[in-house]
Amino acid sequence: MAEWPANPTLIGKRIPRLDGLLKASGKAKYPSDVRPEGTLFGVMLYSPYAHASVKSIDVSAAEKMPGVKAVVVIDKGGAVVPGKEAASAVGRVLRYHGDDVAAVAAETEEQARDAVRAIKVEYEVLPHVATVELSMAEGAPQVFKPANVRKGRSVERGKPADAMAAAEVTVEGTYSVPMVTHVCLESHGLTAKWEGDDKLTVWASTQNVARLGNDLGRPFELPPANITVLTDYMGGGFGSKFGPDVWGVAAARMAKMSGRPVRMFLDRVQEHLAAGNRPSNAAHIKMGANRDGKIVAMIAEANGTGGVGAGADVILPYVYSVPNTRVEQSTVFTNFGSQRAMRAPRHPQSCTLTEAAMDDLAEKLGMDPIEFRLKNLSPTDFHTKIYQAELAMGAELIGWREKRKPRGRTGTGPIRTGMGVALHQWGGGGQPGNRVICNINPDGSVELKTATQDIGTGARTILAIIAAEILGLQPTDIISNIGNSTFPPGQSSGGSTTSPSMAPPTYDAVTKARDALFKKVAPTLDNARPEDITLKDGRVWVSGEPVTSWKDACRKLGTSSISETGEFIPGLSQSGVGGAQFAEVAVDLETGVVKVKKIVAIQDTGLILDKLTWESQVYGGVIMGLNYGLFEERAVDPTTGRMLNPDMEWYKLAGASDIPEIIVRAYEPDEQKARGVIGVGEPPTISTAAAIGNAVANAIGVRVPEWPMTPRNVLNALATASREGRA
Ligand code: MOS
């Protein structure tokens, strides 16, 4: 089994991104910035109704508008067809506001928008359902046949009813998290350009450079090899950017029809409506424990909606070991765009719901929330040791022992401060099947090639760090070439798998290339034995003595480069991480405004390749979690079934002044580093909202059961408690 260098000079250090300057200066061209010669602008027409069918559609006026070069419609089966086949769209059922109807490509964006408005569609408006409650009601309009409710994963372990009846202390509550959208800074889309009839190039904002062509090729009966996908940079993808989508196919279709490149990126409104969401969930949870703090039972019923998409299931209980459990859950369809995987799918919901009930039970037991959690970690789970260490580190950093007061005894004025904690876990392991090419050229340049992508995480930089480490060079000496589907297959960036999947083949490729170089140049180095040659500080060493520079050694290759291909090799990466987060908040009892003062995030992820990009991911995860905790929700109007805030004004996200002090620490003792590389993209976003909610309950003495912690939800909880005489 391969092993990482024992005393690295670069791995684990704070190394700036190779493309940082390009990004900060605007020189980095994102797919949405690309304008091949003659580019047309594509614009989608989408359903204004939550539920409707197309009675008639007439694109003839739109086709005659100035600048218009192509019009397509989406037919009954969901295929993208030329405007002249518009009749095939009649009868198509649209199931949400934002569902694709047609598209136009024109010389300018304004002309395309005008032409979209000139498409005449007669809709038959159908009854819709906008909330879980309305969807589950007797006689509700059906989103799909045969039923709006689809049973999800149930759990039955031990004897939950008996154990609950025998429990010495129980709590019961309904906790909920909202449906939120991905809000990628760069919206979904691509620019498509044909060469002849059978070669397609797309500049796509995608997490899936290597395999996007599989789905994009199908409607054109093109093999994936005929499609080149280019993604030098991309403005964020949290699980929703793996496929070409209808709008991508529409761009390629209109590019083919017009003989011109077509750029199609969603506008911010449709981006919110159609490009995915994280499902909501509301869980009624009953939990029981004995006086000693051991949980004995959990009985829960959970319902969530991901719009027209299935899969709103959560994991209950999350993290903690509960011997007797019954969980029943359902996905409830509503007339909104389909859910898509979103940064740690299912985990933020599962964590928030479980951790709220955990905290309420600790409160009722009169136990410190940290002590209570420690008592209920599984003795056989490898995460337990990690959590124990992380809880101790985090408690110290936030000042838990000195500053935290019991729930509701946090002061007398209108501003109350409180603290909360939550735990999370994630996989993040490596996948085989990817390859990396390493070229060493006679001019001393080193090039890596693989069809993975950097979705903002630093993937380009960490590949260069690995090569530089092995070759005794600097990361800036390495050309880290990714984001091109003509390179050997690279990992799709999902599940925090990019680093653990791509680090091993990079190590393998570079090691093989280095060994090939040693073999070639050894005869020119006083007939040194290849095994006596080492590399360090840009020099070549023989038996510990510097003999020549890297560049001079490479010159000896003459006219031929070395090119080696690396495969996934075991031993360098692993899966399975745990993290703990702490929040300190101040809540204004009069306005309900929650201000997060401090977050402490402790995360383990095995061997860290670049401390700087690692921290950047944890900061980003925490900020996304803070948004989930405080601000984000898809506001819907039950009457029209429309989303009320599909924009960046009313879909609230943190601004600079909302960001608290964030302390990020890695849990990385030697035994953790020895596990190898594990992905960190997703885990740090999981538990932030839970920790914030628990801090709010601690501050105000009342559980706010509905996320996000908006003034409305806080004041509602206070009002309910006061009505019930609890506060
Ligand atoms: Mo992630 S939600 O697996 O892109």
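The values are calculated or read from the model by the stated rules, or taken from the named source; none is laboratory data. Keep in mind that what you see is a predicted model, and the values were worked out from it rather than measured. Neighbour counts are summed over all protein chains in view; Cβ atoms, including those assigned to glycine, are modelled from backbone coordinates with ideal geometry. Ligands, DNA and RNA are excluded from the accessible area calculation, which covers all protein heavy atoms including side chains. Shrake-Rupley method; radii C 1.70, N 1.55, O 1.52, S 1.80 Å.
Remarks
- Across LYS595/LYS673; LYS151/LYS375; LYS29/LYS551; LYS294/LYS405; LYS193/LYS512; LYS151/LYS652, pairs whose alpha-carbon gap is larger than 29 Å: LYS595/LYS673; LYS151/LYS375; LYS29/LYS551; LYS193/LYS512; LYS151/LYS652
- Backbone geometry of the stretch 455-465 corresponds, through the Karplus equation with coefficients 6.51, -1.76 and 1.60 at θ = phi - 60°, to 3J(HN,Hα) couplings of 8, x, 8, x, 4, 4, 6, 5, 5, 5, 4 Hz, x marking Gly and Pro.
- If you sort PHE518, PHE382, PHE238 by accessible surface, 1.4 Å probe, largest first, the order is PHE382, PHE238, PHE518.
- Of interest is the spacing of the C-alpha centroids, which for the stretch 653-700 and the stretch 6-50 amounts to 25 Å.
- Considering only ALA61, THR131, VAL149, and ranking their Cα positions along the charge dipole of the stretch 22-167 that arises from unit charges at the beta-carbon of Lys, Arg, Asp and Glu, the one farthest toward the positive end is VAL149.
- Ordering of 702-713, 669-680, 95-106 by burial proxy (mean other Cβ atoms within 10 Å per residue, highest first): 95-106, 702-713, 669-680
- Less than 5 angstrom separates the built amide H of LYS241 from those of GLN207, all sequence-distant by 5 or more or on a different chain.
- Centre separation in Å (Cα based) which lies between the stretch 416-495 and the stretch 94-156: 39
- Solvent exposure, largest accessible area first (probe 1.4 Å, DNA, RNA and ligands not counted), of ASP515, ASP526: ASP526, ASP515
- For the stretch 88-159: relative contact order, % (alpha-carbon pairs under 8 angstrom, 6 or more apart): 17
- Dipole size of the stretch 594-727 about its Cα centre, with +1 on Lys/Arg Cβ and -1 on Asp/Glu Cβ: approximately 480 debye, rounded to the nearest 20.
- For the chain, the 222 nm mean residue ellipticity estimated from helices alone, with every DSSP H stretch of n ≥ 4 adding -39500 (n - 2.57) and the total spread over all residues, rounds to -8000 deg cm²/dmol.
- Looking at the stretch 369-401, none of the GluC sites (Glu not before Pro) sits in a DSSP loop with at most 16 other Cβ atoms within 10 Å of its own Cβ.
- For the stretch 528-534, the Karplus equation 6.51 cos²θ - 1.76 cosθ + 1.60, evaluated at θ = phi - 60°, returns couplings of 5, 7, x, 6, 8, 8, 9 Hz by residue, with Gly and Pro reported as x.
- Between the residues ILE478, PRO224, THR206, the greatest Cα displacement towards the positive end of the dipole of the chain, with unit charges on the Cβ of Lys, Arg, Asp and Glu, is found for THR206.
- Applying the Karplus relation 6.51 cos²θ - 1.76 cosθ + 1.60 with θ = phi - 60° to the stretch 675-684 yields 3J(HN,Hα) values of 6, x, 7, 9, x, 10, x, 9, x, x Hz, where x marks Gly and Pro.
- For the chain, accessible area per residue (1.4 Å probe, heavy atoms of protein chains only), Å²: 38
- Take the Cβ atoms of GLU37 and THR476, set R0 to 35 Å, and the FRET efficiency comes out at 0.60.
- For LYS76, a cut-off of 12 angstrom between C-alpha atoms picks up these aspartates and glutamates, skipping any fewer than 8 places away in its own chain: GLU85, ASP100.
- Amide H partners (placed H, <5 Å) of GLY152, local residues excluded: GLN329, SER330, THR331
- Counting only aspartates and glutamates at least 8 places from LYS120 when in the same chain, those with an alpha carbon closer than 13 Å to its own are ASP58, GLU63.
- Tensor-based shape of the stretch 434-477 (alpha-carbon gyration tensor, a/c under 1.5 rounded, otherwise prolate or oblate): oblate
- Cα gyration tensor, the stretch 564-666 - rounded (a/c under 1.5), prolate or oblate: oblate
- Under the shape rule built on the C-alpha gyration tensor, where the axes satisfy a ≥ b ≥ c, the chain is oblate, since a/c reaches at least 1.5 while a/b does not exceed b/c.
- Entry note, the chain: relative contact order of 16 percent, from Cα contacts under 8 Å with a spacing of 6+ residues.
- Accessible carbon and sulfur surface of the chain relative to its total accessible area, %, 1.4 Å: 51
- Placing unit charges on the Cβ atoms only, positive for Lys and Arg and negative for Asp and Glu, gives the chain a dipole magnitude near 260 debye about its Cα centre.
- Sorting GLU355, GLU110, GLU447 on solvent-accessible area from highest to lowest, probe radius 1.4 Å, gives GLU110, GLU447, GLU355.
- Sparse-neighbour loop sites [GluC sites (Glu not before Pro); the stretch 134-235; at most 16 other C-beta within 10 Å; DSSP]: GLU138, GLU168, GLU221
- Unit charges on C-beta of K, R, D, E only; dipole of the stretch 289-445, Debye: 320
- Amide hydrogen neighbours beyond the local backbone of ALA28, cut-off 5 Å, H modeled: LYS23
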